[in-house]
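Contents: one structure, followed by commentary.
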Amino acid sequence: MPRLNDQVQELLQEYADLINITGGDAFRARAYEKAARAVGGHPEDVAGLDVKGLQQIPGVGKSTAEKVAEYTATGRITALETLRAKIPSGVREMMAVPSVGPKRALALYRDLGIASVDELADAIRSDKLSEVAGFGERSGEKILHGIELMRQSGGRTLLDTATELAEQIVAALSDVPGCTRCAYAGSLRRMRETVGDIDVLATAADSEPLMAALTELPYVAEVIASGPTKTSVLTDQGVQVDLRVVPEEDWGAALVYFTGSKAHNIKLRTMAVRAGLKLSEYGLFEVDGDAKNGGAKGGGAKGGGAKAAAKAAKATKGDGTKVVSATEEEVYAALDLPWIAPPLREDRGEIEAALRGELPDLVQESDLRGDLHTHTDLTDGLASLEEMIDTAAARGYSYFAVTDHAPDLVMQRMTDEKMLAQREQLHRLADRHKKLRLLHGTELNIGPDGGVDWPPEFLAGFDLCVASVHSHFNLDRAAQTHRLVRACENPYVHVIGHLTTRRIGRRGPIDVDLDAVFAAAARTGTAIEINSSPQRLDLRDEDILRAKRHGARFSIDSDAHATPHLAYPRFGVGTAQRAWLTTEDVVNTWTWQRLKHFLRKDALR
Ligand code: DGT
Ligand code: CA
Ligand code: CA
Ligand code: ZN
């Protein structure tokens with residue numbers, strides 16, 4: 001059940017949309033929109049506020065306050081229902097499509113009776129749109145593209161943008177006098193592929209300076225709501241940031257709560273109840289009326305382990321009081337659980353595994369010994385071979401593959417001669433970094449029938465071949481599956497690059513029988529790439545889990561086209577962690593000796 005504030009936010013936003021779509025006053029609509037965000041971000045529950053109290057929320061005027069009060073009292077807003085009756089909800093959704101907007105949405109509805117996003121897409125495909133003035137053929141295509149984008153991204157922020165922003169904010173807030181702890185939580189800490197908003201948590205005796213510091217950051221464009229426990233802002237990139245400040249003794253419980261996921265939290269809370277505890281955003285509490293007083297004294301029993309400390313703290317406090325939970329470890333220990341890594345916290349069996357003592361020993365970024373998919377300025381990269389190699393060496397890798405595009409990707413103008421010249425150049429650079437073994441590779445193009453760019457004799461000259469789909473995205477499922485299975489069966493193909501070809505928020509995955517491809521990869525000893533580019537993150541976590549069940553192995557690569565991209569594997573590792581992968585699953589954590597053996601695919605030759 002969402003918080004009442006969130007429900008009210010949605011209703012007010014809907015009201016604002018309906019004002020727009022029915023041709024009402026745009027200023028009024030904007031005022032309701034602003035009020036919607038203000039209520040959603042208000043730290044205090046609006047349920048307890050009367051009209052006067054509601055008007056104290058910045059951005060909430062008298063008429064909004066009355067509507068909110070009406071909602072809390074009766075469960076409905078009359079003015080909203082009146083507007084709703086005029087317009088189907090699908091028309092409201094059409095407004096959100098890029099290049100449609102309220103005016104056009106209304107025109108489409110009035111003139112053509114189009115009442116949903118699906119109907120709009122159908123109308124464009126059957127050329128009905130041109131009947132309406134102002135909709136040319138090009139605008140139809142644009143709208144279709146907009147619909148696709150909207151469906152895929154849902155307004156979420158990519159992992160690199162969110163990480164960069166969150167790190168900046170945490171650094172800035174950590175410098176504020178009085179701040180004792182600060183970190184980001186939420187879906188970003190769990191390394192989801194995109195984030196809805198950034199949740200930052202801090203501890204301080206006085207929250208005021210931290211809240212002020214957040215709202216005063218130069219890249220904060222708008223303060224949605226600010227109060228003593230929670231402040232929400234929008235950055236100039238349109239990313240929402242929620243800051244919560246809690247007392248230091250609640251850090252552990254608050255960090256668990258705001259890291260989520262919601263499903264993980266719900267499971268934890270059930271376990272807490274069974275243990276006579278209550279876990280919430282406000283901390284960990286003793287609720288058992290029979291709680292024994294006395295016993296071990298001193299919540300700060302440092303030597304006795306987190307569990308002992310938590311128990312001791314619990315025992316010395318009375319009924320209904322807070323259990324000291326200064327760390328996440330203490331919270332989990334109080335529930336008889338080991339600490340669970342955030343990327344696992346999705347209620348995908350992690351709590352059950354923890355209870356059995358079978359949590360996976362997750363792969364870490366520091367486990368990576370090399371990168372098997374990178375580009376230079378010989379094709380579409382920005383940096384020279386030397387620059388890429390120097391950056392790879394600085395990352396402490398022990399091997400590094402350069403895999404520029406093969407000739408079938410025509411715009412890259414690759415030739416045999418250029419490829420061989422690069423190989424010589426690479427060999428001349430072999431001693432440039434003593435500890436870094438250089439591998440000469442290529443990124444092959446998997447043709448529509450599963451063939452690749454070069455004949456076996458030429459392929460045999462490479463240390464490593466990645467093979468990827470770069471064309472024919474619309475083949476049917478059987479054909480896509482066939483081409484990818486054939487690529488796995490190619491004895492010179494070691495890694496299948498960005499298997500589904502999706503681009504987050506821009507292009508969907510190809511239609512392919514993933515299980516058949518995973519089985520072929522496992523059978524042939526072909527690694528499946530976890531492409532770490534934040535625009536791709538391909539495979540995605542759930543598909544990696546599936547591939548692992550087939551026994552497939554993975555390569556976490558940057559697909560770098562510039563030196564800073566060589567840092568992308570942190571996102572690929574996060575994705576791999578969400579899929580429970582260990583170093584055993586990831587070939588580029590292996591020593592060169594072991595990887596070399598894997599790359600042979602001898603049985604197939
Ligand atoms: P996002 O922002 O959509 O990518 O996903 P999250 O997971 O960051 O979700 P968000 O920002 O709404 O809330 C942050 C965390 O706070 C969430 O992971 C768990 C916790 N949380 C928020 N609302 C609820 C709730 O209603 N119940 C529970 N149990 N936890 C909640
Ligand atoms: Ca969030
Ligand atoms: Ca949030
Ligand atoms: Zn590539």
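The values are calculated or read from the model by the stated rules, or taken from the named source; none is laboratory data. For clarity, every value in this text was computed on a predicted model and none was experimentally measured. So basically every Cβ, Gly included, is an ideal-geometry build from the backbone, and we count neighbours across all protein chains shown. Ligands, DNA and RNA are excluded from the accessible area calculation, which covers all protein heavy atoms including side chains. Shrake-Rupley method; radii C 1.70, N 1.55, O 1.52, S 1.80 Å.
Taking the numbered list (1) touching a residue at least 24 places away in the same chain (Cβ under 8 Å); (2) under 28 Å from Gly136 (Cβ atoms) in turn, Thr72 passes all entries but (2).
There is at least one residue in the range 230-243 that is over 19 Å from Pro342 (Cα atoms), loosely packed, with under 15 Cβ neighbours inside 10 Å and more than 16 Å from ligand 2 (Cβ to nearest atom).
Criterion first (of a type outside the set (A, V, I, L, M) and in a loop (DSSP other than H, G, I, E, B)) does Gly574 satisfy it?
Taking the combined requirement at face value, the residue does not satisfy it.
Identify, from the list Val176, Val132, the residue that is modelled with pLDDT under 95 and either of a type in the set (A, V, I, L, M, F, W, C) or not assigned by TED's automatic domain parsing to the domain that holds Asp45 (or both). Let's see the steps before the verdict.
Numbers: Val176 fails: modelled with pLDDT under 95.
On inspection, the qualifying residue turns out to be Val132.
Scanning the range 246-271 for residues that are more than 21 Å from Cys182 (Cβ to Cβ) and open to solvent by 60 Å² or more (accessible area, probe 1.4 Å) gives Lys262, Ile266, Lys267, Arg269, Thr270.
In this structure, Asp453 qualifies as within 26 Å of Val512 (Cα to Cα) and open to solvent by 10 Å² or more (accessible area, probe 1.4 Å). Those strands (runs of 3 or more DSSP E) of the range 461-567 in which at least 1 residues are farther than 17 Å from Ala579 by Cβ, considering only elements entirely within it, cover 464-468.
Out of Val8, Val51, Val46, I need the residue that is buried (at least 18 other Cβ atoms within 10 Å of the Cβ), away from ligand 2 (no atom under 16 Å from the Cβ) and farther than 27 Å from Val91 by Cβ. Which one? If you could, list the steps in order and put the result at the bottom.
Numbers: Val8 fails: farther than 27 Å from Val91 by Cβ; Val51 fails: buried (at least 18 other Cβ atoms within 10 Å of the Cβ).
Of Val8, Val51, Val46, the one residue that is buried (at least 18 other Cβ atoms within 10 Å of the Cβ), away from ligand 2 (no atom under 16 Å from the Cβ) and farther than 27 Å from Val91 by Cβ is Val46.
Filter the range 226-255 for residues that are small (Gly, Ala, Ser) and in contact with a helix residue (DSSP H, G or I) (Cβ under 6 Å, 6 or more places away or on another chain); which is nearest to ligand 1 (Cβ to nearest atom)? Step through it out loud before you land on a result.
First pass over the range 226-255, keeping only residues small (Gly, Ala, Ser): 226-227, 232, 238, 252-254.
Within this subset, residues satisfying the condition of being in contact with a helix residue (DSSP H, G or I) (Cβ under 6 Å, 6 or more places away or on another chain) are 226, 232, 252-253.
Values: Ser226: 17, Ser232: 10, Gly252: 15, Ala253: 12 Å.
Across the range 226-255, the extreme among qualifying residues is Ser232.
With respect to the conditions (1) surrounded by fewer than 17 Cβ atoms within 10 Å (Cβ to Cβ); (2) under 22 Å from Ile530 (Cβ atoms), Arg437 lacks only one, and its number is (1).
Look at (1) in a helix (DSSP H, G or I); (2) more than 16 Å from ligand 2 (Cβ to nearest atom); (3) open to solvent by less than 40 Å² (accessible area, probe 1.4 Å) and you find that Cys179 fails only one, number (1). On the given criteria, is Val512 over 17 Å from Asp160 (Cβ atoms), of a type in the set (A, V, I, L, M) and surrounded by fewer than 24 Cβ atoms within 10 Å (Cβ to Cβ)? Yes; evaluated as a whole, the condition is true for this residue.
Of the numbered criteria (1) assigned to a loop (DSSP other than H, G, I, E, B); (2) open to solvent by 30 Å² or more (accessible area, probe 1.4 Å); (3) away from ligand 2 (no atom under 16 Å from the Cβ), the one Val97 fails is (2). Name, by its number, the condition in (1) modelled with pLDDT of 95 or more; (2) away from ligand 1 (no atom under 12 Å from the Cβ) that does not hold for Phe258. Every condition holds for Phe258 apart from (2). Looking across the range 195-249, the residues that are within 12 Å of ligand 3 (Cβ to nearest atom) and assigned to a loop (DSSP other than H, G, I, E, B) come down to Gly196, Asp197, Val239.
I need the full set of residues from the range 109-129 which are over 30 Å from Arg503 (Cα atoms) and in a helix (DSSP H, G or I), in order please.
Listed by number, the residues that qualify are Tyr109, Arg110, Asp111, Leu112.
Restricting attention to the range 272-289, and to residues there that are under 28 Å from the mean Cα position of the chain (by Cα) and surrounded by fewer than 17 Cβ atoms within 10 Å (Cβ to Cβ), which single residue is farthest from ligand 4 (Cβ to nearest atom)? So, considering only residues that are under 28 Å from the mean Cα position of the chain (by Cα) and surrounded by fewer than 17 Cβ atoms within 10 Å (Cβ to Cβ), the one farthest from ligand 4 (Cβ to nearest atom) is Tyr282.
Filtering the range 383-419 to residues that are open to solvent by 10 Å² or more (accessible area, probe 1.4 Å), in contact (Cβ under 8 Å) with a residue 40 or more places away in the chain and part of a helix (DSSP H, G or I) leaves Glu386, Glu387, Asp390, Thr391, Ala393, Asp416, Lys418. Restricting Thr194, Thr229, Thr203 to those that are over 22 Å from Lys34 (Cα atoms), over 25 Å from the mean Cα position of the chain (by Cα) and in contact (Cβ under 8 Å) with a residue 40 or more places away in the chain reduces the list to Thr203. Would you confirm whether any residue within the range 361-378 is farther than 30 Å from Trp580 by Cβ, in the same structural domain as Phe571 (by TED's automatic domain parsing) and surrounded by fewer than 21 Cβ atoms within 10 Å (Cβ to Cβ)? Yes: the range 361-378 contains one or more residues that are farther than 30 Å from Trp580 by Cβ, in the same structural domain as Phe571 (by TED's automatic domain parsing) and surrounded by fewer than 21 Cβ atoms within 10 Å (Cβ to Cβ).
Taken together, Gly23, Gly40 contain a single residue that is out of contact with any strand residue (DSSP E or B) (no Cβ under 7 Å at 6 or more places or on another chain), open to solvent by 50 Å² or more (accessible area, probe 1.4 Å) and not assigned by TED's automatic domain parsing to the domain that holds Asp242, which is Gly23. State whether one or more residues within the range 143-160 are open to solvent by 20 Å² or more (accessible area, probe 1.4 Å), within 16 Å of ligand 1 (Cβ to nearest atom) and either more than 30 Å from Asp538 (Cα to Cα) or among the acidic types (Asp, Glu) (or both). Among the residues of the range 143-160, at least one is open to solvent by 20 Å² or more (accessible area, probe 1.4 Å), within 16 Å of ligand 1 (Cβ to nearest atom) and either more than 30 Å from Asp538 (Cα to Cα) or among the acidic types (Asp, Glu) (or both), which makes the answer yes. Scanning the range 558-570 finds no residues that are in contact (Cβ under 8 Å) with a residue 12 or more places away in the chain, over 25 Å from Thr376 (Cβ atoms), assigned by TED's automatic domain parsing to the domain that holds Arg502 and surrounded by fewer than 19 Cβ atoms within 10 Å (Cβ to Cβ). Scanning the range 31-77 for residues that are part of a helix (DSSP H, G or I), of a type in the set (S, T, N, Q) and out of contact with any helix residue (DSSP H, G or I) (no Cβ under 7 Å at 6 or more places or on another chain) turns up Ser63, Thr74.
I want to confirm something. Restricting to the range 577-601 and keeping residues that are assigned to a helix (DSSP H, G or I) and free of Cβ contacts under 8 Å to residues at least 12 places away in the same chain, which single residue is surrounded by the most Cβ atoms within 10 Å (Cβ to Cβ)?
Lys596
Take Ala204 and tell me if it is at pLDDT 95 or above, closer than 21 Å to Lys322 by Cβ and buried (at least 16 other Cβ atoms within 10 Å of the Cβ). In short, yes.
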